[in-house]
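Right, one structure below, let's go through it.
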Amino acid sequence: MHARALADDFDLEHLTPEFYANPYPTYRALRESEPVKRMRNGSYFLTRYDDLVTAYKNTRAYSSDKKKEFAPKYGETLLYEHHTTSLVFNDPPAHTRVRRLIMGALSPRAIAEMEGDLVRLVDTLLDRIATKEKFELIEDFAAAIPVEVIGNLLDVPHDEREPLRDWSLAILGALEPVVSPEVAARGNKAVKDFLAYLETLVARRRATPGDPARDVLTRLIQGEENGERLTEKELLHNCIFLLNAGHETTTNLIGNGLVALDDHPIEKQRLIGDPTLIKTAVEEMLRFESSNQLGNRMIVEQMELGGIPMPAGTPVTLCIGAANRDPAQFSDPERFDVGRTPNRHLAFATGAHQCAGMALARLEGAVAIARFLARFPKYARAGEPIRGGRVRFRGFLSIPCTTEG
Ligand code: HEM
């Protein structure tokens, strides 16, 4: 389709199978011809790198508080309570308090200490894959890693981790631009079950606290030394958010990254030949196929954007997937280059809400992908992968593979 038509026809509420398979021609068309695009519901869709940075950095004019937007979307439901209590959908000071507590447990030292367990986990998964002729890249590998890592972070007993992934998929699925009654019902049930589970976990942890330097849950329960504590509701919903935030996104970093390498054999060989490129390669995977493609903000101070007046109360969607391929910021942006530097991508956003788990996600991505490649350099897809079919969280549900090409 002609670029102009792609931009004209773009409607976040009616997306085509071609768009889900490859949204980048549409994003490019929008960036080039209508970088501040009005949607039918009165919101605006932003695709330029500089516009996203401005929005992320100006928390006063671009609010993350979603109470107004989510009230009609979810009604008086647990999904509403959950999303509006999560730190990511709040402004300071509620945001700052929770963020400080979480960040304390995600210090560089705490993360470095996780590496040994992570390597052991990844190697166990690779050993299991080695016994099979065919394997499932998402289920047998990419999805199996974050659930354990985040489980360890909150010290969830191993035999209680199984439902976490489905709860998380159901709750995040309800953040899509269009939510059917079934998706909403599944999301609400997941919040209900998740809360019930966490209530028991928190009660146990209150009775027997863990090490606050390592265990985020103990840290959130005990609060800051200056006496700052979370309410019970804040505590439970932010634990749910933390468990969710690190799941699907990291699974998709690993899945999207290994698919991108398979699609770009020269880059794959380059990385195999020089494993020291793993850090820049992971950054490029994050840029090229960002697992979180959209962010949202509400304009709360009247302004002008791209020559268009924006009154307070205008919702904007920040398209990370488009900004990460903006030629004004990245040279040859459609090229997948495992050695790309500089690479100031926005996969983790920027500013006050920049991903609190990015150091952990980077470590997981690097360990998982480097060790997978070293073990199975000839891996190849063995069937059509199935996409998640979501616009916000980009990734695959299933990627059938073989280890020997
Ligand atoms: C590849 C993996 C990941 C990606 C692409 C990703 C992406 C993002 C993005 C774009 C945001 C900003 C949202 C916004 O304000 O609009 C965010 C926030 C957040 N992420 Fe991640 N994330 C990843 C992994 C993780 C992990 C592993 C954790 C937890 C251990 C985590 C925890 C958080 C938290 C707590 C926030 C909220 C920060 C705040 O509002 O101050 N994320 N993430």
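Overview of values
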| item | result |
| --- | --- |
| Cα centre as origin, Lys/Arg/Asp/Glu Cβ charges: the range 280-405 dipole, Debye | 400 |
| Signed unit charges on C-beta, dipole axis of the chain, positive-most listed residue TYR56, LEU363, VAL191 | TYR56 |
| The chain - mean residue ellipticity at 222 nm from DSSP helices (-39,500 (n - 2.57) per run, n ≥ 4, rounded to 500) | -16000 deg cm²/dmol |
| Prolate/oblate/rounded call for the range 121-223, Cα gyration tensor, a/c under 1.5 rounded | oblate |
| Selection from LEU154, ALA112, GLY42, by position along the positive dipole direction of the range 7-157 (Cβ) | GLY42 |
| Sorted largest first, extent of the chain alpha carbons per principal axis (Å) | 55, 54, 39 |
| Three-way shape call for the range 321-369 based on the alpha-carbon gyration tensor, with the a/c threshold at 1.5 | oblate |
| Extension gain from ARG344 to ARG100, taking 0.36 nm per residue of separation minus the Cα-Cα distance | 85.4 nm |
| Simple label model, 7 Å out from Cα along Cβ direction - ARG120 to ARG381, nm | 3.6 |
| Dimensionless Rg/Rh of the range 139-292 - Kirkwood Rh, Rg from C-alpha atoms | 1.05 |
| Coil-residue trypsin sites (Lys or Arg not before Pro) of the range 326-368, DSSP, other Cβ within 10 Å capped at 14 | ARG335, ARG344 |
| Rounded if a/c under 1.5, otherwise prolate or oblate - the range 265-305, Cα gyration tensor axes | prolate |
| Total charge dipole magnitude, the range 150-216, about the Cα centre, Cβ charges on Lys, Arg, Asp, Glu only, Debye to nearest 20 | 160 |
| Debye, to nearest 20: dipole size of the chain, +1 on Lys, Arg Cβ, -1 on Asp, Glu Cβ | 500 |
| Charge dipole of the chain about the Cα centre (unit charges at C-beta), most positive-ward option of ALA207, ALA260, GLY273 | ALA207 |
| Accessible-area order (highest first, 1.4 angstrom probe) of the listed residues MET39, MET103 | MET103, MET39 |
| Highest-fluctuation residue, SER291, SER331, SER86 considered, GNM on the chain with Cα pairs under 10 Å | SER331 |
| Length added when fully stretched, ARG335-LYS68, from 0.36 nm per residue minus Cα-Cα | 92.1 nm |
| Full-stretch length increase - HIS2, ALA374 - with 0.36 nm per residue and alpha-carbon distance subtracted | 129.7 nm |
| Sites ALA328 and GLU133, calculated FRET efficiency, Cβ-Cβ separation with R0 45 Å, nearest 0.05 | 0.45 |
| Accessible surface of the chain, 1.4 Å probe, proportion on carbon and sulfur as whole % | 53 |
| Accessible area of the chain divided out per residue, in Å², using a probe of 1.4 angstrom | 44 |
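The values are calculated or read from the model by the stated rules, or taken from the named source; none is laboratory data. Please read all numbers here as calculations on a predicted model, not as lab measurements. Heads up, the Cβs are rebuilt from the backbone with ideal geometry, glycines too, and the neighbour counts pull from every protein chain shown. Each accessible area value is taken on the protein alone, full model and side chains, heavy atoms only, with ligands, DNA and RNA left out. Shrake-Rupley method; radii C 1.70, N 1.55, O 1.52, S 1.80 Å.
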